[in-house]
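I have placed the structure first, in the form of structure tokens, so that the comments after it can refer back to it.
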């Protein structure tokens with residue numbers, strides 16, 4: 001992992017938050033599932049990807065020696081994202097739990113299919129900055145103010161693409177259900 005810097009506006013935002021509430025790690029040894037992370041990323045397969053986020057704000061759910069995975073909150077539309085963060089982070093005592101994620105997701109009334117698009121797996125070797133880990137008091141300001149840095153497409157186009165995919169998947173499921181009903 002190289003020691004690049006986050007974009008300047010993000011660094012300024014983080015400077016305004018309390019320094020003792022943001023931890024910075026150069027390795028993944030002390031990072032655990034349930035933490036909220038921010039880092040710079042350079043996709044390995046960027047030439048073949050339709051789009052990707054170069055500045056993920058991720059709720060870590062899984063890690064092994066080569067990958068980290070979790071919910072990249074930038075793939076959830078802004079209004080849903082803020083409501084989710086509000087519900088999730090006000091209930092949590094320590095690290096975020098799977099049960100807490102499910103409860104907050106339901107309270108925020110986010111269509112479940114968004115989780116499919118928000119769940120991302122990243123190669124550790126392609127993380128280009130140190131990893132910022134946030135304390136509970138800084139969760140909501142970070143989720144509200146650190147905007148995605150999508151590559152190859154504008155934010156609005158990406159959310160439109162995700163909504164289109166959700167709609168197509170919904171239509172396919174409706175057709176399957178109607179075919180099953182006719183067979184009975």
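The numbers here are math on the coordinates, done by the rules we state, and not lab data. For clarity, every value in this text was computed on a predicted model and none was experimentally measured. With ideal geometry, Cβ positions are generated from the backbone for all residues, glycine too; neighbour counts draw on all protein chains shown.
Grab the Cα-Cα distance for residue 137 and residue 121, subtract it from 0.36 nm times how many residues apart they are, and report the gain in nm with one decimal.
3.1 nm
What is the extension gain from residue 169 to residue 50, computed as 0.36 nm multiplied by their sequence separation minus the C-alpha to C-alpha distance, in nm to one decimal?
Working: separation 119, 0.36 × 119 = 42.84 nm, distance 1.86 nm.
Value of the extension gain: 41.0 nm.
List, largest first, the extents of the alpha carbons of the range 99-139 along their principal axes, each in whole Å.
34, 27, 14
Rank these for me by crowding, 35, 63, 157, 58, going from fewest to most other beta carbons within 10 Å.
157, 63, 35, 58
When the gyration tensor of the range 22-135 is built from Cα positions, what are the square roots of 5 times its three eigenvalues, in whole Å, from largest to smallest? Let's see the in-between values first.
Details: eigenvalues 102, 64, 26 Å².
Equivalent-ellipsoid dimensions as semi-axes: 23, 18, 11 Å.
Once each part is reduced to its C-alpha centroid, what is the distance from the range 134-165 to the range 47-64 in angstrom?
Their Cα centres are 11 Å away from one another.
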